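Working notes, beginning with the structure itself.
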Amino acid sequence: MILSRVADGLYWMGRYLERAENTTRLLLVTEELSTEVLGLDEHLARCEWDDLRAIFPGFSEDEPPARHLAGLAAVTLLGLAIDPENRYSVFYSLKKARDNARSVREALTLECFINLNETYRELEGYNRRRLSDPATFRTAMQVAHRGILSAVGAIEHTLTRDAGWLFLKLGESFERVFRTSVILRIKLPALVATEPKIDLPLFYSQWRSLLRGLSSLENYRKVFGARLEPIDVLQFLLFDAQTPRSVRYGVTAVKEYLDRISSASDLSQSVRIVGKLAAELSYQGHDLIREGQSLSFLDHVLVELGRTHDAVSTVYFGT
Amino acid sequence: MNWARATSGYDEIFDSEGRPRPHYAPLISILESFTKEDVERRERLQKLALLNQGITFTVYGEKEGLERIFPFDFVPRIIPPAEWKTIQDGLVQRITTLNLFLLDVYQEQRCLKDRVIPPELVLSRTEYKRELLGLTPPKKVFTHVVGTDLIRGESGEYLVLEDNCRCPSGVSYVLENRTLLNRVFPEFFASYPVRPVKEYPTLLLDTLLFVAPRPSQSPVVVVLSPGIHNSAYFEHSFLAREMGVPLVEGRDLLVEGNHVFMRRTHGKRQVDVIYRRIDDDFLDPLTFQRDSLLGVPGLINVYREGNVALANAPGAGVADDKSVYAFMPSLIKYYLGEDALLPQVPTYLGFRKDDFKYISEHLDQLVVKTTGDAGGYGMLMGPFASAREREAHLAAMRKNPGNYIAQPLVQLSTHPTHIEGKFEPRRVDLRPFILYGDRIRVLPGGLTRVALREGSYVVNSSQGGGSKDTWVLAPREP
C-alpha cells in the first residue's frame, strides 16, 4: 500500500528509464545500419531514419525533415539524443526519470538515485556541437546506455519488493511491450513488402537490425539458428515466451505485476483487459499471423495496451 | 600551508597572539601534513559526491528548477564541551520560554495584560493567528523543532541572533556534512571525540510520536512538503527517508469526517501526526490563505478537534517574530524567574517612537530587518549601503515603522575556510537544532553557515553562503 502519487511517480520513472534505454539502443543500431547501407541503397537508409522518427514522434510538425539524407540523419540523431524539447530524446527521458525519482526519493535506495543521477548528469555535459562528431556521439550514447543499465541493476539488486517496486516494474514492462509493438507496427509494412530477390544480404541486414534494435538477435539465434526467415522473426518477436522483448512476454509481465498489485478479491479493470490480451497472444496469435493479419493484430494490441494504461491511471493514481 | 588571520571580529581558530586555540591544534597539524595537491584532489571528490547524490537546494528567482549544491567547506568548526554546555543550557531555557509564551498568548494572555510585552505588538503580527485563540496543541507543545541562530561577539561570547519556530531548515546538511567529511578527510576524526549527530531522525520521530492523538494504535506520521520545487525539498525527502515515514504533498491528503487521510493505491489511511514543512498561511485554504493549492482543505478543523497533531503547531510563528525577540530577556524573567543565559543583540523597535528616531539618525551603523521575513530577504546593511539606498529604505520604513527593527552590526566571528588553495577567514554563524518532545533535546552539533565571499556578512544559502561540519566534543574522561 503506497501513496497514489508515489505509485504514479514510480510507474513513470520505470517508463522513462525504459524509454531512455530503448531510444539509446535504437539510435546506436540505426546509426550503424544507415552508415553501412548508405553507399548501397540510399532509399533504405532514409527509410530507417523515417521509421525512427515515427517510432519516437517527438519532432515538431512545423519542421519538415531535411531533404538531404546526411541532414536528416544528423537532425534525427541529435534530436533524439539530447534535444531537451524533444519528448522522446534520451536526455528528455532521463530528465523525466530523474525528476520522478527526485519526487519519490524516499521510496528509493541511495544506489538507485545515484546511478540515475550520475547518468543524467553525464549526458547533460554534452551539447549539440560535441555530439556532431560521430565518434563522440557513439561514445556518449554507449556511456548513457551503460549508465541506464546500471541504474536498472541498482533497482534490481537494492529495492525492496514492495508495492512501490511493483509499480516501477509495471511501468518498465509496459513501456517495453508498448514500444516493441510500435516498432513492429511501423517497420512491418516495409519489411514484408520487400522482395528478398533484389539484394539478399541487404534484405537480411534489415531484419537483423530489427532484432538488434530489440536486443533480441542473440536470443533469436538460440531458437532458430543463424538463418533469418521473416516469418520466424515475426513469430519470435510476437510470441516467444522467453525473450524479454517479445510482445507476449511483455504483456504477460504487465499482467503478472498487475495481478500482484490488485488484491485477490478485486479483479481490477486493468487486469481484465491485459489478461484477455495475454490469452490472445498465447492461444490465438499464431493463427492470425498465418492468415496475414499481423498488422491489424498489432493495432489491436496497441489499443488494448492504451486501455490498460488508462485503467491503471484511473484506479491507482486517481488521475 | 597558508593561513590568513582575521582582521576584525573573533577568530575561531587563532588567539590574539596568532597561536591556534588548544582544541584546534591537532586539526591544524593534520592539515599541515597534506600537500596542496592532495587537498585539492579531495575537494574535487567532495563536490562530485554532493552533485551525484543530488544533495541540492533550489534557488528562487533564477531559472526555474535550478538546483545548486550547498557549498561545503571541509575545515570543521570545533566546539569544546564547556562552550557547548553554555549553549545547550541557554537554548533549553529559551525554547521553554518560547513555548510558554505561545501557550500564554493563545490562552490567557497574561504577559500582555501584565505589559511584559506590548499587546498591540503581538496581536498585530500576521503570524499571530486569532483563529487559533483558546486552542491548546497536543501535550501543550507548540515548538517541536526550533533552529536558533547564534553568532559570536568580539570577545567570543555566543549571542542569540534569532529563533526559528516555524519550519527551520538545514538539519539535513548537518547530517550529510558529517558523512561527507568522514568520507573525504577521515584523518580528522582520529584525534577528536566528536559527538555523533546521526540519531537526529530517530529523535525527531520520537518527538513527533509523543504528540500523536492515538498513541496506542501505532500512529501514522508523515512529512508534508510543498513539493519538488521548494528550495528545501531535498531536506523534506531526506527526513522522510531517514525516519522511514511517507513524504506527502497537500494533494495526497484529504479530510473526511474530521480525520485526515492519505490517498493510497488501495484506499485511504488515517494520518495522526503531520510534520509540516509548509507555512501556516498555506496549510488550509478554508482557514488561512484561500487560494493556496499546497495545503489540505479542512485540516485546521481536524486539528481543532484533536484528531491530528501538527508540528510545529500553527501559530508558533509569532514567537520568532523579530520584534518579539527584543522582549525575550524579559519573557524569560517573567515565565522562569531567571536571567537569560545566552545574551542577545540589542534591538531597536521601529514601533517605538524614540527607537525609530534613533534608527533614522544612525542608519549608517545599523542593520535593518523586516519583522516577518526570513532568509536574509528585505534586509538593509546600513554600514555598507549607499546614502541613496538608506534614504529609500527609510522612506519605506516611515510608511509602516512597526514592520522594522534595527540592530547594531555585530562583527560575527571568522573561521578559516579553504578558498582557492588558501585558508582565509570567513564569517560564520551557528544554527543548533532543538527538539521539544517529552523533554527538550539539543542536537550536539548544528549547521555552521559561512559567508564565502570575502568581507561578506550574509551566510544564507540563497545568497552565497556555504556550510561546515560542526563538531561538539565529548568531555574527556578525567
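Which of the following residues is crowded, with 20+ Cβ neighbours inside 10 Å, out of contact with any strand residue (DSSP E or B) (no Cβ under 9 Å at 6 or more places or on another chain), aliphatic (A, V, I, L, M) and at pLDDT below 90: A:ALA20, A:ALA70, A:ALA66, A:ALA45?
A:ALA45
Could you run through region A:303-319 and say how many residues are assigned to a helix (DSSP H, G or I) and within 11 Å of chain B (Cβ to nearest Cβ)?
Counting residues in region A:303-319 that are assigned to a helix (DSSP H, G or I) and within 11 Å of chain B (Cβ to nearest Cβ) gives 4.
Would you pick out the residues in region A:217-270 that are farther than 21 Å from A:PHE174 by Cα and part of a helix (DSSP H, G or I)?
Answer for region A:217-270, where residues must be farther than 21 Å from A:PHE174 by Cα and part of a helix (DSSP H, G or I): A:LEU217, A:GLU218, A:TYR220, A:ARG221, A:LYS222, A:VAL223, A:PHE224, A:PRO230, A:ILE231, A:ASP232, A:VAL233.
Can you name the residue in region B:253-262 that is of a type outside the set (Gly, Ala, Ser) and more than 7 Å from chain A (Cβ to nearest Cβ) and, of all such residues, is surrounded by the most Cβ atoms within 10 Å (Cβ to Cβ)? Let's see the steps before the verdict.
Looking only at region B:253-262, we keep the residues that are of a type outside the set (Gly, Ala, Ser), and these are B:253-256, B:258-262.
Narrowing further to those that are more than 7 Å from chain A (Cβ to nearest Cβ): B:253-256, B:258-261.
Values: B:LEU253: 23, B:LEU254: 17, B:VAL255: 19, B:GLU256: 11, B:ASN258: 13, B:HIS259: 17, B:VAL260: 27, B:PHE261: 19.
Per the stated criteria, the residue is B:VAL260.
Just one of B:GLY250, B:GLY295, B:GLY244 is closer than 30 Å to B:ARG68 by Cα and crowded, with 24+ Cβ neighbours inside 10 Å; which is it?
Numbers: B:GLY250 fails: crowded, with 24+ Cβ neighbours inside 10 Å; B:GLY244 fails: crowded, with 24+ Cβ neighbours inside 10 Å.
Answer to the check: B:GLY295.
What tally of residues in region A:263-300 results from selecting those that are over 28 Å from A:VAL6 (Cα atoms) and within 20 Å of the chain's Cα centre (by Cα)?
7
Select from region B:420-478 the residues that are closer than 18 Å to B:MET379 by Cα and of a type in the set (S, T, N, Q) and write down the one among them that is surrounded by the most Cβ atoms within 10 Å (Cβ to Cβ).
Looking at residues that are closer than 18 Å to B:MET379 by Cα and of a type in the set (S, T, N, Q), I get B:SER461.
Within region B:225-234, identify whether any single residue is under 24 Å from B:VAL296 (Cβ atoms), at pLDDT 95 or above and surrounded by fewer than 22 Cβ atoms within 10 Å (Cβ to Cβ), and answer yes or no.
Checked region B:225-234: no residue is under 24 Å from B:VAL296 (Cβ atoms), at pLDDT 95 or above and surrounded by fewer than 22 Cβ atoms within 10 Å (Cβ to Cβ).
Check whether at least one residue in region B:317-331 is in a strand (DSSP E or B) and either at pLDDT below 95 or within 14 Å of chain A (Cβ to nearest Cβ) (or both), and report yes or no.
Scanning region B:317-331 turns up no residue that is in a strand (DSSP E or B) and either at pLDDT below 95 or within 14 Å of chain A (Cβ to nearest Cβ) (or both).
If you check B:ARG125 against the conditions, is it crowded, with 16+ Cβ neighbours inside 10 Å, among the basic types (Lys, Arg) and modelled with pLDDT of 90 or more? Even if it seems obvious, please write down each step before you answer.
Numbers: crowded, with 16+ Cβ neighbours inside 10 Å: yes; among the basic types (Lys, Arg): yes; modelled with pLDDT of 90 or more: no.
For B:ARG125, the condition - crowded, with 16+ Cβ neighbours inside 10 Å, among the basic types (Lys, Arg) and modelled with pLDDT of 90 or more - is not met.
Tell me the residue from A:GLY285, A:GLY250 that is surrounded by 18 or more Cβ atoms within 10 Å (Cβ to Cβ), touching a residue at least 24 places away in the same chain (Cβ under 8 Å) and over 24 Å from A:ARG15 (Cα atoms), please.
Numbers: A:GLY250 fails: over 24 Å from A:ARG15 (Cα atoms).
On inspection, the qualifying residue turns out to be A:GLY285.
Which one of the conditions (1) more than 29 Å from the chain's Cα centre (by Cα); (2) surrounded by fewer than 20 Cβ atoms within 10 Å (Cβ to Cβ) does B:THR265 fail to meet, given that it meets all the rest?
Status for B:THR265: all satisfied but (2).
Would you be able to say whether some residue in region A:176-191 is within 14 Å of chain B (Cβ to nearest Cβ), of a type in the set (Phe, Trp, Tyr) and assigned to a helix (DSSP H, G or I)?
Of the residues in region A:176-191, the ones within 14 Å of chain B (Cβ to nearest Cβ) are none.
No, region A:176-191 contains no residue that is within 14 Å of chain B (Cβ to nearest Cβ), of a type in the set (Phe, Trp, Tyr) and assigned to a helix (DSSP H, G or I).
So, of the residues in region B:426-478 that are under 15 Å from B:LEU150 (Cβ atoms) and among the β-branched types (Val, Ile, Thr), which turns out to be modelled with the lowest pLDDT?
Among those residues, the one meeting the criterion is B:VAL459.
Since A:ALA66 meets every condition but one in (1) over 24 Å from B:GLY54 (Cβ atoms); (2) of a type outside the set (Phe, Trp, Tyr); (3) within 17 Å of the chain's Cα centre (by Cα), which condition does it not meet?
Here A:ALA66 clears every test but (3).
Answer with yes or no whether A:VAL152 is crowded, with 23+ Cβ neighbours inside 10 Å, touching a residue at least 24 places away in the same chain (Cβ under 8 Å), aliphatic (A, V, I, L, M) and away from chain B (no Cβ under 14 Å).
Taking the combined requirement at face value, the residue does not satisfy it.
Report, ordered by the first and then the second residue, all pairs with beta carbons closer than 8 Å, sequence separation of six or more or different chains, a first member in region B:59-79 that is modelled with pLDDT of 65 or more, and a second member that is among the acidic types (Asp, Glu) and in a loop (DSSP other than H, G, I, E, B).
B:ARG77/B:GLU12
Show the residue pairs meeting these rules: Cβ distance below 6 Å; 6+ apart or different chains; first residue within region A:168-180 and free of Cβ contacts under 8 Å to residues at least 12 places away in the same chain; second residue buried (at least 24 other Cβ atoms within 10 Å of the Cβ).
Filtered contacts from region A:168-180: no entries.
Show the residue pairs that are 6+ apart or on different chains and have beta-carbon atoms under 8 Å apart, the first residue being within region B:383-405 and within 15 Å of B:GLU361 (Cβ to Cβ), the second being small (Gly, Ala, Ser) and in a helix (DSSP H, G or I).
Final answer for the pair search is B:ARG390/B:GLY382; B:LEU394/B:SER360; B:MET397/B:SER360.
Suppose the filter is within 14 Å of chain B (Cβ to nearest Cβ) and either in a helix (DSSP H, G or I) or surrounded by fewer than 16 Cβ atoms within 10 Å (Cβ to Cβ) (or both); does A:SER296 pass it?
no
Among the candidates B:ARG269, B:ARG290, B:ARG241, single out the residue that is within 9 Å of chain A (Cβ to nearest Cβ) and free of Cβ contacts under 8 Å to residues at least 24 places away in the same chain.
B:ARG241
Restricted to region B:268-278, and to residues that are crowded, with 19+ Cβ neighbours inside 10 Å and charged (D, E, K, R), which residue is nearest to the chain's Cα centre (by Cα)?
B:ARG277
Could you list all residues from region A:103-133 that are modelled with pLDDT under 90 and surrounded by fewer than 16 Cβ atoms within 10 Å (Cβ to Cβ)?
Those that are modelled with pLDDT under 90 and surrounded by fewer than 16 Cβ atoms within 10 Å (Cβ to Cβ): A:GLY125, A:ASN127, A:ARG128, A:ARG129, A:ARG130, A:SER132, A:ASP133.
The values are calculated or read from the model by the stated rules, or taken from the named source; none is laboratory data. Just so it is clear, the model here is predicted, and its values are computed rather than measured. Ideal geometry is used to build each Cβ from the backbone, glycine not excepted, and the neighbour counts take in all protein chains shown.
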